[in-house]
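S.K.: Pasting a structure below so you can have a look.
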Amino acid sequence: MQKILIILNQQKKSIFLFIIFVFAVGIISFFRFKIIFKEPILPKYAEQNISIIGIIKNEPDVRDTTTRITLTALWMENKYQKIFLDEKIILTIPIYPERKIGEKIKVTGKILLPKNFQNENGIEFDYINFLAKDKIYSLMYRPKIEILDDLTDKKSSEYSVKLFILKNIFKIKQNFLEKLQQVLPSPEAELLGGILLGTKRSLGKELEENFRRVGLIHIVVLSGYNVSIIAEGILRFFSFLPKILSASVGAISILIFAIMVGSGATVIRATIMALLALYARVTGKNYAVNRALFLAGAIMIIHNPMILLYDPSFQLSFLATLGLINLGNIIKKILKFIPEKFQFREISSATISTQIAVLPMLIKMTGELSIVSPIVNIITLQVIPITMLLGFLAGVFAFINQTIGLFVAFLPFLFLKYILMIVNFFAELSFAVWVF
């Protein structure tokens, strides 16, 4: 009886501390929102032709026929005015000539406002607030572009060091993707680029839609699952070093990887949790994964309060991880009839627990349910880690010698072919998706 009372008291204390934690995060986020989000200026000039001077600080998003650039606007010129800005604007431009990080450019064109849109099932996506969370309130389609400077080549520039580092990180990424295309055919090369680095370039609308239909799109856009595999691989690779040095190099490598793949909400959440786990290893402290998840979520919400309501990636990633942590073992016990060989039971329980956690939100967001998603995830996720490892090695060896790279790429090619075969087969089934 006394033990039961002690447990109940501990639970009451935990619940009380959790409420205090949530309340504190809410208060801090409220005041931070008031500080960082100001009334935007560019939307006031909608449908007008103006000139904007800005810097490309993010990797250009190259699509099938166009490139999208998120330009950090410094100031705008309208008639005789020069107005300083603290917002961003999305530019849709031709693929060529290629634009690069670090370029300071002047763009002239018509200011357009983003609009919400509906998917084929009539579900509206709040595109306006989705962009607003990143201080993006306006668009410009095929503007006239004038290159003013490349700040990465100017030692005196206040942006030079940061932009120089970013430019070279993305240059390594681009070179690696090009090597993959030299040793793998299409679409296997593009699929591997998505699995390793979250790129969807030239994957094609039809194939991308097939991944969505079977509930496997998360491996292409680089989910927390992919990031956790890579983070663990990085830590194991540097495990031969002394503990502190291994942790330091591992942490830096994880951060560089997070920057390289675009630092989306899912990647940031997984990165924070990986760094917390690394800290626990070094200090010998207990890694409470639920606490790590909520701490990562709190850090992200305080940094940008709008992601709580307007970032589907953050919402789904948080819920999926919460389900995996708290439902995984329960589901695993229920699935005793599934053999543990080749991690079938582990992958099955992880898949089902995450699906349960995100199911209500997915139906609300998309208006549909992938019936084949559990089975497709179970029979494909087991080959993802080995595909990532062998695919990475193929890219590395391709830098040394293309012939060796072709030889090493044969095995990952077979795994990638297997994934594509499964996706295309199940996507073509008439009952693959239920529409509500």
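The values are calculated or read from the model by the stated rules, or taken from the named source; none is laboratory data. What you see is a predicted model, and the numbers here were worked out from it, not measured in a lab. Don't worry about glycine lacking a Cβ; one is built from the backbone with ideal geometry, like all the others, and counts go over all protein chains shown.
S.K.: Kindly provide the set of residues from segment 282-305 that are crowded, with 19+ Cβ neighbours inside 10 Å, over 23 Å from Leu235 (Cα atoms) and among the hydrophobic types (A, V, I, L, M, F, W, C), ordered by number.
M.R.: Hits for segment 282-305 are Met300, Ile301.
S.K.: Would you confirm, using the coordinates I've provided, whether Ile136 is buried (at least 18 other Cβ atoms within 10 Å of the Cβ) and β-branched (Val, Ile, Thr)? Show your work before the answer.
M.R.: Numbers: buried (at least 18 other Cβ atoms within 10 Å of the Cβ): yes; β-branched (Val, Ile, Thr): yes.
Spelling it out, Ile136 is indeed buried (at least 18 other Cβ atoms within 10 Å of the Cβ) and β-branched (Val, Ile, Thr).
S.K.: Quick one: which helices (runs of 4 or more DSSP H) lie wholly within segment 338-410 and hold at least 1 residues that are of a type in the set (Lys, Arg) and free of Cβ contacts under 8 Å to residues at least 60 places away in the same chain? Explain how you work it out, then say what you get.
M.R.: Details: elements: 344-366, 373-381, 384-400, 402-408.
By residue number, 344-366.
S.K.: Filter segment 213-225 down to the residues that are closer than 21 Å to Asn424 by Cβ and either in a helix (DSSP H, G or I) or of a type in the set (Ser, Thr, Tyr) (or both), then identify the one that is modelled with the highest pLDDT.
M.R.: The residue in question is Arg213.
S.K.: Taking the options Lys243, Lys200, name whichever one is loosely packed, with under 15 Cβ neighbours inside 10 Å, at pLDDT below 85 and either within 20 Å of Leu184 (Cβ to Cβ) or basic (Lys, Arg) (or both). Don't jump to the end; show me each part of the working.
M.R.: Numbers: Lys200 fails: loosely packed, with under 15 Cβ neighbours inside 10 Å.
It is Lys243.
S.K.: Please pick out the residue among Ile89, Ile101 that is surrounded by 16 or more Cβ atoms within 10 Å (Cβ to Cβ), modelled with pLDDT of 95 or more and either assigned to a loop (DSSP other than H, G, I, E, B) or within 21 Å of the chain's Cα centre (by Cα) (or both).
M.R.: Ile89
S.K.: Related question: Go through (1) at pLDDT 90 or above; (2) in contact with a strand residue (DSSP E or B) (Cβ under 7 Å, 6 or more places away or on another chain); (3) of a type outside the set (Ser, Thr, Tyr) and name the single condition Pro185 misses.
M.R.: With (1) at pLDDT 90 or above; (2) in contact with a strand residue (DSSP E or B) (Cβ under 7 Å, 6 or more places away or on another chain); (3) of a type outside the set (Ser, Thr, Tyr) applied to Pro185, the lone miss is (2).
S.K.: Sticking with this structure for a sec: Going through Gly215, Gly262, Gly250, Gly233 one at a time, which residue ends up being touching a residue at least 40 places away in the same chain (Cβ under 8 Å), small (Gly, Ala, Ser) and over 30 Å from Ile363 (Cβ atoms)?
M.R.: On the way: Gly215 fails: over 30 Å from Ile363 (Cβ atoms); Gly262 fails: over 30 Å from Ile363 (Cβ atoms); Gly250 fails: touching a residue at least 40 places away in the same chain (Cβ under 8 Å).
Only one candidate passes the filter, namely Gly233.
S.K.: Let me ask you something else. Look at Leu131 and say whether it is in contact with a strand residue (DSSP E or B) (Cβ under 9 Å, 6 or more places away or on another chain), within 30 Å of Trp434 (Cα to Cα) and surrounded by 15 or more Cβ atoms within 10 Å (Cβ to Cβ). Walk me through it before giving the result.
M.R.: Numbers: in contact with a strand residue (DSSP E or B) (Cβ under 9 Å, 6 or more places away or on another chain): yes; within 30 Å of Trp434 (Cα to Cα): yes; surrounded by 15 or more Cβ atoms within 10 Å (Cβ to Cβ): yes.
So Leu131 passes the test.
S.K.: Would you check which residues across segment 179-212 are assigned to a helix (DSSP H, G or I) and more than 26 Å from Ile268 (Cα to Cα) and list them?
M.R.: Step one: of segment 179-212, the residues assigned to a helix (DSSP H, G or I) are 179-183, 188-197, 205-212.
Lys179, Gln181, Gln182, Val183, Glu188, Lys205, Glu206, Leu207, Asn210, listed by residue number.
S.K.: Keeping to segment 325-355, report how many residues are loosely packed, with under 15 Cβ neighbours inside 10 Å and closer than 22 Å to Phe294 by Cα.
M.R.: 3
S.K.: Could you please find all residues in segment 35-69 being within 30 Å of Leu197 (Cβ to Cβ) and of a type in the set (Ser, Thr, Tyr)?
M.R.: Thr65, Thr66, Thr67
S.K.: Within segment 248-273, which residues are farther than 15 Å from Ile169 by Cβ, of a type in the set (Gly, Ala, Ser) and surrounded by fewer than 20 Cβ atoms within 10 Å (Cβ to Cβ)?
M.R.: Ser248, Gly264
S.K.: Turning to a different aspect of this structure: Among the residues of segment 42-77, how many are over 26 Å from the mean Cα position of the chain (by Cα) and surrounded by 17 or more Cβ atoms within 10 Å (Cβ to Cβ)? Walk me through how you get there before you give the answer.
M.R.: First, the residues of segment 42-77 that are over 26 Å from the mean Cα position of the chain (by Cα): 42-53, 74-77.
Within this subset, residues satisfying the condition of being surrounded by 17 or more Cβ atoms within 10 Å (Cβ to Cβ) are 42, 50, 52-53, 76.
Matching residues across segment 42-77 total 5.
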